[in-house]
Each structure stands twice: as structure tokens, then as C-alpha cells.
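Heads up, the thing below is written out as C-alpha cells.
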Amino acid sequence: MRQRTLLIALAVAVFVAAAGIVVVLQPDEAAAQRQQQGFTVSFAAAESALSEDRAERDDQIRDWARIGLASQLEMDTGQMRDAFFDTLPIRDNGFADLARQPTGPGRALRHGDTLHLLVPRDDVNDKRTAGLLLDQHRTDTGNYPQNVQVHRYEIRDHTIAITDENKQGANDFRAQNGYVTAKIGDADELNRFLATAKHLSTLEVRGDEVHAGGWNWPGPDITAQDITVLQRAYAKHEQPAFSLDPPDETPTREDVQAVLKNVPQQTIDQLLAGQADTELIQAGIFDEATPEKLKANGLPADRTDLWTMLNLIRNRPLYNEARYEGGIAGTEVGMTLFYTDLIAKQWVDGVGDGVPTITGFVPDSEAVTPPSHCATDPGAESGRLWFGQNDKAFSFSEDKASIGAQSTRLFSRSDGAEGEIEPSYAFGRGLRWWDEHYQAVADHEAQYARLDQIMRWSGALEWLTGKGKRLPETEPRTGLRFAEWYACRDDLKERSDIRPVRPPSATREAVLTKPSKAFKNCGFHGVRGGVSLGDRIARIGDGFKADLPEPVRRAGPKDETSTLNGGNGKITDVTVGLVEGQRKVVDSVERTISTTNGTAEVRTAATGRQVIPLGELKVLQPQTSVRHLATTLKASRGKIDYRVDYQGNHLGTLTTEKTRSFISLSWARGVVNRMIQALHPLQRGKTLNDNVFYSQRDANGQLQHRIGGKDDPWLTIGPDAPAEGFAVRAGVPDAQGIARHLLAKLNPRAPPTGEFMTLTATPDGPPIANFGNTPPTGTPIQVRTPDGQSSSLYVNKDQVTVASSDPLLGHNGAVEGAAMLRDIADVLAKHGETDGLLQAVRFGDVGAMVGKQEIFLSPPGHQWSTRVLETLNGDTTMRITDGKAVHVDRSPLHRVNTQKLTLGEVLNSPGTTFYVNESFRATLPTKDGPVVADALNQDMTVTIREVTADRHQAVPADVRVHRDAEWSRVDAPPRIGVPTSLNIVITLDSGAPSSTRPPTPKGPAARIVLICPEDDDAKGCGD
């Protein structure tokens, strides 16, 4: 691309482009932008916890941005406990009902009197994202915060760049982002409110008046007629609802003829006489028979007709009938519920021409079920799905109904021998994704956005009518039929034939069930279900509330004995249902909270489950057994330790370290996390991976695999069998895709049988440990730790030997020692000269530094390991100064231009990494590594050189070597704005930007600037 270099005076609106970053400022925005500082969160040392799925990966990174923000705010243990007691630092489907894992692009964090909102910098719906977070906070706590502060974030390669906007009062924030309120006294006032506020947030009673609050974001139309339909149902104590149900009666000949109207009569006669060619019908459904062959045998080529014929043969329903409740039949409300219910079932199966192409959404017909969740005797699974009210998005007081972020949830159950049961992993997979990403689907299809608004109004109106109040009514249009409504709506995403039918036995509107495309995945399944609107008050009444301190209040029903005082107590979430007309707790999640000596512990006990996923594995635990999860939190001055234990075993620990405006996150995998990661390859037909450090055989010949640290149990894998204690099932598929199940357990380690342990590499798996008493031979290597301790190992080609009892490297040594032993021989074979520096290397998820016959090794989460993992990119070199690992980058730099400016002007430049010449070091208190920007005289004139680098670094180096001089990075907060007085030479793209929003830069900054003294005569400076 042609480029040019210009001298810019930012007195008017400009486009600033530097190495691919575009910043657009209008004159009236410049002053505000100039003040926006922020910080950077690095997750390079936590990558091992990220999913391969893009959507799940992004959600996890957003969670870490929230934890990074807590570190930046230097929240203490008590504040962290109150904000995070009901969530986790790592995501997994197995924890979905054990923790509140936020979804969507935004995250919220309360700190003191301020609600901090994390919003993507490129979010086109940023007002909605922020407003929904504020709504949920009010719904949880019952109040608005005093202040709101927005933090814009950008997810980059291995970092999150976060910039801070100015704090403002909550009322000002609401007004600026489109919040409106109105008295609803007559039809005109209601219509004006509905025309302005497309998103309902509150409904409240003030004396004799009803007032509504909402947001004026773009959205679907809700009419006064819709509200009248809902209100009349609740006034009659009826629950508005919709479902598609199979008929109760056996189909007659006339019914069969009506639903198979395009099938020859002779074929129908054969079908009813039990003489149909079932194998050929199935072949047609599976696309294994040509249309010509089907027609030659009197069968239809249409797969829906074939599916209907197969349903008749197998005594399954031929069609579904629409059931409307609460007087919504024939209304626009009823049509929306019919459409959203029917199309959800089709899209989950991949049926239709409007199936979402949203990142993360995979129709069940295209998804692969992990072998551990496949039944050994595949069969059909049936059940139902339905949309319903999200109890955690509604709260009601004496005078107000408050609605949070997502009012609609998607539920699913399967048919069992004695009633409904939990769905299998395969049956519930697509429904779970939809439930967690409802807003994304609503953005794809406006009818789901309209359903969410209907759900909001229904919940609010159920409350309002219970208070003896009503909104003005407008007579609704009735008499609509879905087939005609669907045909004339050209704004719908789904436009394929819905296959309406009119069998004589049907008393209501009916449609055929359309089959998904042919696929082979643990058998077939079908779905049916409906939509139930606001029924929280009918189910729960005015009970299931607890008097809790505001910081730990959450919307949703609670055990009334829940309490928290002085950081100690118990908070129990409950799920309440109507069982034979009586309110009953059907599920509970009990959290026991204790705080002592600056450490908070939350022990979670939850109702058992029939299906418990863990990663791609299946936990084998009786349905009646309680599930246990525990978190331990300690926070002080930006340092956070956040440990998770699952079923009594260490899952992992997230650690943050704050260095001024830079937050480092690291994830130290526990034995459960390593167990999951080690077994996943088996399910893909591969061998155990590097999460197994080494293996040995016990006295009985059982192969044990070391996956943890000191005193951790070892992994054993055997044939599938009844399990005792913590165990998981893995599946190994055969050539036909049929799973052979294995049982994986954690057992005590077998003790070593010799004074020395020798690990021998194997070609396709972990090393094997053997023991003996003969002193080792080979090249001696010293392993040094941050606390000054050292251990010895001996390398002889592909073998490594250590003392069995060594506390760091031995048989029951530290996890970092075990991780190093697996790969040390290979790493040393590749080690090259580093001119007196240390080479950064990776041992699984542990970072280390290798010198001449010595290794510097720390636990995962320690600064040494974290800094190495943040820097690894080709031949990376380090050194240790005052106990800290310092990244020294010797890769080439190339000068672009030179300019003289004051240092303050330079450091205000956006998207830039700055390095000062080594001559500045003499005036600073630090010996090595980054330089604090505030320690430098901002008014002094300096000579700067913009340079380009051959090597991209996601996290910038602490020190660069250029022209035989060292340059120290300036630790300056990231900025997205520039001051109006700045004159600086910048390389500009020749084309104008296409948007007013800057694209995401690559790496930590798009520009590198070297800073020299004004006279430019220091070492490494000058021309």
C-alpha cells in the first residue's frame, strides 16, 4: 500500500494511522480521549485453560478481563469474595449450574460505590451491552450504584488492552445511554412509551400511578394489543403459554391420507397394512437411495414424507398440534410464540434456510458427541424443549418489578421410563449453547428479540395484576392462523416450507415434523416442546427471599435461611417448581462461605445429576450423590490467588500479578484439569499427551500416570466398570465410530522401589520410570529455584536420572519438576548459545530458563514461569535481576523516522510501546526491566526514533538491544486518544478509514518508539 509521512497538528478532526491502527478523533472528542488511560492484561500464561471453541474461548477471556480489572482496582479478599463467591475463574459445561458464568460481550464488577462495566471497544451495541449490565446489577441488588465507569477492552493475540473512561453518576449514565421513564395512565401514554422504549426495564407503582422504565435502543415492536393479551390472561389467573404437542389419538386412515397427500394411495395402503419397505424408507431418509429408486418402488422422494411414514411404522406421532393457553390463540403474541418454538427445534437440528451462522453455534446434525457421552447401544431419544422465564433476571418488591439482562431461558428434558429426566449430552448440546447465547440468536432473528420483550412484559404484568393494578387496554386483533401469518411475513429469517397439515382428527393447527439432514452421531433423536411466559409469581409466590448484604445479593429464589455476616455464612440458590399444584424445591446450590486470616473459602454443594460433563468427559457419579466444588480466594494489592477444587481434588489455580499498568494472569493446572487434558486425545484416537509427565507400573502391574505435584494422586485407566470415588469415563472410537468406554480414576501413587529414578523416552507417549540403586551417569545439570534451592539431574541421551527422594525433582516432588523431567532431554538437545543470557523454554504449561548446564525453574504462577510464557516467540532470551525474570529482546529493529518532542507529548501517543536509552537508567532507582513513566521528567525534550521490528511480540519485551545499547521499556498505561497539542511524525495509510471505530491493533502496540536524550549522543543514539 502506498504510504506517506506527514507532520500533523491535531487542531481539527484527523485520521491517525500507524502501522495499521486507525484512530479517529473529532475536535470535541479530543479532550475526553486524551484523558483515557488504562492497563493491559496478559493471559499468555493461562492459555492452557482456553477452549478450542472460539465462542467459549472469548467468553473465558472476558471473564479474565473482569478478574484483571479486580487486580487493577486492587480489590481485597472481602471485596473479591462478595463479587466472585458464585462464579469461577474457569469455564466448563459441568459447572454451568454450579456457578453464574456470565455470557455476552460485557462484564460488570462492583467496587465500592462504583459499578465498573467492561464493554468491547468495537461493540456496535455498546449502549445495550452497558445498559443490560446495569439492569442486572439493579435487579440483583435492588438499587442502582452511585457511579458507573466504563472500561473499553480489546482482545489481542495474548493480551487484553483496557482503557478507562471517566466515572459518572448512574443517573447521568442512564440518560446518556437511552434510558426513559414514563407514567402510564392512558392508552396514549402507553403507546408513546412503547414507541420510544423498545426494551422494558422496570414497572413500578407510585401511589395510584403506574410508571414504566426502559431503553430506547433499536428493537422489535411490542404493541398495546400485545400487552392487553398478556394482561387479560393474568387478570384471569391464567398463564400464557404455547406448545406443539403430539396428538393423543391413534391416527386414522383419513389422517394418514391428509398428512401424506402427495403419496400414492397404493403406497398408503401398503403402509397401513404393514407391508411398506422399511429399509428402503430409511435409506431414503439417510440419502442412501436415489429419488429414481424411491419413485420406482412407489415411495416419495421427499424426506419429510419418508420421515412421516417411518414415524407411522414405529408408532410415533405423525404431526404436532398447536396448544395455546391464556387466551393467546389467534393473536400476534401467539404467532410469535408458535414461530420461535417451531423454528428453534428446526434450527437446533440444522433444518431450514435461516439456520444461524453465528460463531459457536453448531447444529446437532453437524456436531460430534464426545465418545464418553455416546451410548454403547445407540437408540432414539425424545424429549422436549421450551422457552421460559429466567428467574435470575427478575426481582419483585412491594412497589417495583425489576428486569435484568436476559429474561428468557431455554430448557430441555428427555423422556424416561418413569417420566421426564435430564437430557443426554447430545440431546441437550445445541439447546445449552442457545440458552447461553440467547442475545446472539435474537440479533440474528428479530422474533427471538420480540419473544424476550414479551417475556419481560409478561413477568412484569403478572406482578402488576397481582397488585390489583392494570395498564390501559386496546382490543387486540384475533383470528390469525399461523400458516397464513408465516406466509405473508417476509421479514422472517426462516422462509422454508413449514409443512402445515389438516388431518381430520386434529382439532387445532398442525404441522409435520421435519427431519434433520442425515448424520451418524450416537443414534437419532427428536424434539418437541413449547413456550411458557411469566409464571414466577405463580410458581414461587412472595417467598424464597433472603435478607442478604447488598454486595452479595443476586436475583433468583433463595432459601430463606441464607445469611452472610462478617464474611461467614451460607447462601442457597433454589429452583422452585409446581409439583401436583404445590410449590417444591426441585434443585438447590448451597454455598457455605468462610473468611479467616485474609482468605475466603466458598464450599458449594449441589443436587446430583444424571449427566455430568467435565470437558469432553463424563463424570461417573450416582444421580443421588451431591456434587462438590470449592474455591479459595486471597487478594491484596493487585495480587490474586483463586483456587478451584472439584470433588475434593485440585482443579487449578488462577493467579494475577500487578506491575503498575500491566496485569499478568497465569493458570496452574491442578490434577483434575490435567486429567481432563490428558484423556481428551484418547477420544480422538491418539495417545496420552504431555499432561502426563511419566508413567510407572505398580506392584500389581497396573500402569499409573503421574499428572500432578507433591502428594497428588496418580491417574489409572482401565475397562469401563462401576466407579467408586471420583472417576470419569473416556471413550475410544473404533473404525465405525462406536465408542469403547474406559474408566479413569485417581489413585494413590505406588512408592519408588529404588534410590534413583530414571525416565526413558518412548516414541508415542510419556516417559517410563524405572528405579535402581546405581549412582547416575551422564551430564550433570543444576536446577535452581527462586528461593535459592537447587537440585541435580543427569542427562544421558534420551534418559534422565534424579534422586527418587529429591523434593523438587523426585518421585513425589513438585509439579514443575515433573513437567521439566518429561521434556528436559529434548530441550537440552536443542539449546544453543545465548551470549551469556538464558534461553526461555516451555515445559508443558511451565516456563523456565536454561543456561549453561543449569536451569532456572519456578512453580507455575510464579513470576519466572509467567514471564517466560508471555515472551516465548522463537529464540527468546532472558536474564534474572534481583530475583525477577527480565525479557531481553535482541531481534533487529529498523528506523523509520526521527523527531524532537517533550517526553510528555511522546508518552501520550496511542498504540505505542516506548523504550528509553540506557543513559536514562543512571537517574532511576530500578536496576533493570521496565521504567515507570512517572519516574521520568515529562517536560524534558527528547529525540525519538520510530522503528519497526522483525519479530512480533504479543507482550512487549522488558529490554531491547539495538546498536549495542540497551533500551528499557517505559511502563505507560495504554491510550486510545492523543492530546490536541501533539505534533509528531507518523506514517499514514494512503486510504481513509472506512469506519469511525478503530480496528483492533496487532500485538501490544502498533508502533515502537526509542527515546534518546535531546543531544542524541548517547550510546545507540545518533545517526
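Readers should treat all values here as calculations from the given coordinates under stated rules, not as data from a laboratory. Quick caveat, the model's predicted, so the values are computed rather than measured. For neighbour counting, all protein chains shown are included, and Cβ atoms are generated from backbone atoms with ideal geometry for every residue, glycine included.
Computed values, structure above
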{"quantity": "Residue order, fewest to most surrounding Cβ atoms within 10 angstrom, among GLU475, GLU854, GLU509", "calculated": "GLU475, GLU854, GLU509"}
{"quantity": "Length-normalised contact order of segment 664-706 in % [C-alpha pairs under 8 Å, at least 6 apart]", "calculated": "25"}
{"quantity": "On Cα atoms only, tilt of 446-466 relative to the major axis of the chain in degrees", "calculated": "70"}
{"quantity": "Rg(Cα)/(2.2 N^0.38 Å) for segment 253-316, N = residue count", "calculated": "0.98"}
{"quantity": "Ordering of 342-351, 487-496, 900-909 by burial proxy (mean other Cβ atoms within 10 Å per residue, highest first)", "calculated": "342-351, 900-909, 487-496"}
{"quantity": "Distribution of pairwise C-alpha distances over segment 826-873, 10 Å bins, in %", "calculated": "29, 57, 14"}
{"quantity": "Dimensionless Rg ratio for the chain, taking C-alpha atoms and the 2.2 N^0.38 Å reference", "calculated": "1.04"}
{"quantity": "Ranked list, fewest to most other Cβ atoms within 10 Å of each Cβ, for VAL441, VAL124", "calculated": "VAL124, VAL441"}
{"quantity": "Nitroxide proxy distance, nm - points 7 Å out along Cα→Cβ at GLU473 and ILE358", "calculated": "3.6"}
{"quantity": "16 Å tail of the calculated P(r), segment 678-729, as % of Cα pairs", "calculated": "49"}
{"quantity": "Between segment 764-784 and segment 842-871, the alpha-carbon center distance in angstrom", "calculated": "20"}
{"quantity": "Alpha-carbon Rg with Dmax, taken over segment 884-938, Å", "calculated": "12.7, 34"}
{"quantity": "Sequence ranges 209-219, 430-440, ranked by mean other-Cβ count within 10 angstrom, highest first", "calculated": "430-440, 209-219"}
{"quantity": "Relative contact order of the chain, pairs being alpha-carbon contacts under 8 Å that are 6 or more residues apart, as %", "calculated": "15"}
{"quantity": "Shape category assigned to segment 197-319 from the gyration tensor of Cα positions, a/c cut at 1.5", "calculated": "prolate"}
{"quantity": "Relative contact order (percent, whole number), segment 253-316, Cα cutoff 8 Å, 6+ residue spacing", "calculated": "34"}
{"quantity": "Cβ-based exposure ranking for THR659, THR607, in which fewest neighbours within 10 Å come first", "calculated": "THR659, THR607"}
{"quantity": "Square roots of five times the Cα gyration tensor eigenvalues for segment 38-181, Å", "calculated": "24, 17, 15"}
{"quantity": "Estimated [θ] at 222 nm from DSSP helical runs (n ≥ 4, -39500 (n - 2.57)) normalised by residues in the chain, nearest 500", "calculated": "-6500 deg cm²/dmol"}
{"quantity": "Burial order of peptide ranges 943-953, 661-671 (average beta-carbon count within 10 Å, highest first)", "calculated": "661-671, 943-953"}
